[in-house]
Amino acid sequence: MTKSPNWPQGGFHLPMSRRRLLQAGTVLAGAGVLSSAASPLWAATFEEVGDQWTSADIDWKSQSGKTIVLNAVQHPWTDAITPLIPLFTELTGITVDVQTQSETEYTAELPVKLGAKSASPDVYMVWAIGQAITAGWLENLDGYYANSELSDASWWDGDDLFPSARSFQKWSDGVRYLMPITAESQVMFMNQTMLDSKGLSAPSTMEELMETAVALKSDDVAGIAMRAKSSGDSTWPAGGFIFSYGGAIIDLDGKNVINSPEAVAAIEMYGGLLNKAGPVGISSYQWVECLNDYMAEAIAMGCDSSNFATDIANPDKSQAAGHTTYGTIPKAGSNPIKPNMWHWTAGINSNSANKEAAWLFLQWAVSKPTCLLSSAAGLATPRASAWASDGFQKRFGKQAADTALASLKAGDGDLFKATWFHPKGPQILDAFGIAVNQVATGAMDAKSAMDAAAAKIDADLG
Amino acid sequence: MISPAARDRRRFVLLMLAPATVLLIGLTLVPFIVSVLFSLSNFSLITPDDFAFSWFENYGKMFDSPEFWNALRITVIFTIAAVAVELVLGVGIAALLHFETRAVPFLRLVYLLPLAITPVAAVFTFRIMLNPSLGIFNYMLKQVGLPPQDWLGTPGMALATLVVVDAWQWTPFIMLIAAGGLAAMDEEPLEAAQMDGAGPITSFFHHSLPMLFPYLAVAVVFRSIDAFKTFDIIFVLTGGGPGIATRTLNLLAYKQGIEFLSMGYAAALAIVMLIITIIASQAFLRRINLFRPKAAL
């Protein structure tokens, strides 16, 4: 049953009972009052919101007195969930020690810790899923879902998670190792004032995108910016281009097809856009440069994560606030659009001594009430009910939220997983990122760059 | 027969040396031996249970890899360019600041500041300043009517920019050592040369610079070893790009070890870096006869 044409396909259900909806509304209304008094939404007390968790048939106090360590990246999820943790502690009696690091530090330190079979952290944000599962660093969660003392399936309402999020949970063996904690998809964002000043409209095909980007480029403003740094960062948006051209990086049979005609055409377009209409210095652009330049109105269009919407809509940060139009990735020929998508996930360390407590935390963090609270702070959670909430729509922007949902619906999780969940995903993405960079800077043509990437990937895959 | 006093003294010496020895063994020798063993194995954090010695397979793979030779070439170019720039600027600034005026103490402090700043923080600031659209460097170019530059966008420009940033940070180190050398220098021959009519430039090149040589040699060895394993500047500014134009050996080792979790291969890279450093520095020190007694020269 679908309540909105934009929700992801398959399995969307009316997310909340009337009673729950009223409770949530009360929380949000209370939060609104509190935030209007310059207090954050997270100022909600346990007395106000606690019954939304206690109503579950879960023995929340079963692990009382334990302390778990959460390792997290500096990320909007961490910012949104940390202020809510006192509510979890009050609910369960479990203390959570949140240890946050920059993504670079995090990805450098945690593999060494986990590789040494350290029992800490108990819960962590998973950055390279294929590596983590292959190395045995993640606990199988299926048993916890099935444990009636620690879980309540009807309260949990798994169907409220986006289908792509449910797909992310599972590895190729069908086992759930991961808990999705965010949802984002690849969207176009366009400065409507700049489009209007040139009498242009939002592009709906790749050819139109090229024409529009070139027409918008001037001495002061670039037509478009997308990630192009060779460190692998560019692979996510460039991957969406390949999928939308009908190609793949690693196909569903596990074959390296990065130099297929479809993939080459996609990267020719991606690199060509940046080459012809991108800003000077596109070679070193990561997502942060794309976002900052767009908010400073130094670029007219971008194609990146839907999560940018929260910052773009913030007039304190963004000059483009209030006149940004969102759209899905343009169509390439007759191929269906397949924008890229991503769910940050968290999992339980397989060597943790506090697995049950860690499970309670994960379950609480992605439960409907928690997602409702964190989404009102602008966090794009993996739950449809939170996306439908007024608090989230207000913070994120309705058009941005609708577009992001449409893109999530159109994304192909299996194609994404074939590459990004691959045990040698980092090696594959490294070669791909170098190719994208070389095409974007004009150092190589798309065919040669993708052939070189294919050869390197073949060598890495053995 | 050892006297009790000598025995006590020996015991005392051993006791005093013990902490440093334990630390040296624990923090340097053991990790080094473990690294050597890893480099001879197929050790991967993804499949730690499949650990097996593959002996020189990692080294063979490395020497067959064009990526390794490219990284070595870039590392050597970066090291030579950065140290050369730092040497010229450091000695020049030290020489200028040697003549005490009222402004010199203040200038000395200002020139030393880059050394005191946390490298990563400084490099992030450079990243913002080098931003082609919003950075201060291109803004200044525009103000004087010059076109904006893609500081990190082409292989040559990216490498040159990295050298400049490294020089900004480390020139004060050379300056400090050169200034120390100048301050310790015997002034009498200099005064004699000046009395014979030598100007300041002639005096500097024919008297001060040769006398500074041992100090600068030490500085060059220190800086070369450090520049050879530079990581933070390159990682933050270019990530090894564009393409792989600035992917140095250290960055390659990081990729292999931290991103790909191929610890055996990364350890082999690190060992090769260590061997290159030892051979190059020993060859340099022998070539300049730094440690030979002056009487023997």
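Side notes on the structure shown:
- For the pair B:L274 and B:T101, a Förster radius of 60 Å applied to the C-beta separation gives a FRET efficiency near 0.85, rounded to the nearest 0.05.
- Computed over the stretch A:335-458, Kirkwood Rh from alpha-carbon pairs, angstrom: 17.7 Å
- Taken across both chains, chains A and B shield about 2500 Å² of accessible surface from a 1.4 Å probe.
- Scattering profile of the stretch B:66-296 at q = 0.16 Å⁻¹ [log10 I(q)/I(0), Debye over alpha-carbon scatterers]: -1.18
- Computing FRET efficiency as 1/(1 + (r/R0)^6) for B:D8 and B:F32, where r is the C-beta to C-beta distance and R0 is 25 Å, gives about 0.15.
- Å² of accessible area per residue within the stretch B:1-131, as computed with a 1.4 Å probe and no ligands counted: 67 Å²
- Accessible surface of the stretch B:66-296 [probe 1.4 Å, protein heavy atoms]: carbon and sulfur percent: 73 percent
- DSSP bridge analysis restricted to the protein assembly as shown gives an antiparallel fraction near 65%, rounded to the nearest 5.
- Point-to-point label distance, B:S65-B:D226, nm (Cα→Cβ direction, 7 Å offset): 2.8 nm
- Principal-axis analysis of the Cα atoms of chain A puts helix A:398-410 at an angle of about 80° to the longest axis.
- Average projected area [Cα convex hull, the stretch A:151-196], square nanometres: 5.4 nm²
- The gain in end-to-end length when the A:E208 to A:A119 segment is fully stretched comes to 26.7 nm, 0.36 nm per residue minus the alpha carbon separation.
- Ranked by how many other beta carbons lie within 10 Å on average, peptides A:270-280, A:59-69 from highest: A:270-280, A:59-69
- Legend: helices of chain B (whole DSSP H runs) are marked when their alpha-carbon atoms reach 30 angstrom or more along the helix axis and their mean Kyte-Doolittle hydropathy is at least -1.0; marked are B:66-98, B:155-184, B:263-287.
- B:L17 paired with B:L146, simple spin-label distance in nm, labels 7 Å along Cα-to-beta-carbon: 5.8 nm
- Computed E for B:A283/B:T202 - FRET, C-beta separation, R0 25 angstrom, nearest 0.05: 0.20
- Among B:G243, B:A116, B:G199 the positive-end extreme of the charge dipole of the stretch B:66-296 (Cβ point charges): B:G243
- Surrounding net charge for A:R227, when Lys and Arg each add one and Asp and Glu each subtract one, Cβ distance under 12 Å: -3
- Residues along the stretch B:133-167 losing 10 Å² or more of accessible surface when the other protein chains are present rather than the chain by itself (probe 1.4 Å): B:S133, B:L134, B:K142, B:P148, B:D150, B:L152, B:G153
- Delta accessible area of at least 50 Å² on complex formation, residues of the stretch A:422-436, 1.4 Å probe, chain isolated as reference: A:Q427, A:D430
- Apportionment of accessible area to carbon and sulfur, the stretch A:59-114, percent (1.4 Å): 51 percent
- The residues packed around A:V187, meaning those with a beta-carbon under 11 Å from its beta-carbon, carry a net charge of -3 if Lys and Arg are +1 and Asp and Glu are -1.
- Summarising the label geometry, the points placed 7 Å from Cα in the beta-carbon direction at B:L209 and B:Y139 lie 4.0 nm from one another.
The values are calculated or read from the model by the stated rules, or taken from the named source; none is laboratory data. The structure displayed is predicted, hence computed values, not measured ones. All Cβ positions, glycine included, derive from the backbone under ideal geometry; neighbour counts span all protein chains shown. The area values use the complete protein model at the heavy-atom level, side chains included, leaving out ligands, DNA and RNA. Shrake-Rupley method; radii C 1.70, N 1.55, O 1.52, S 1.80 Å.
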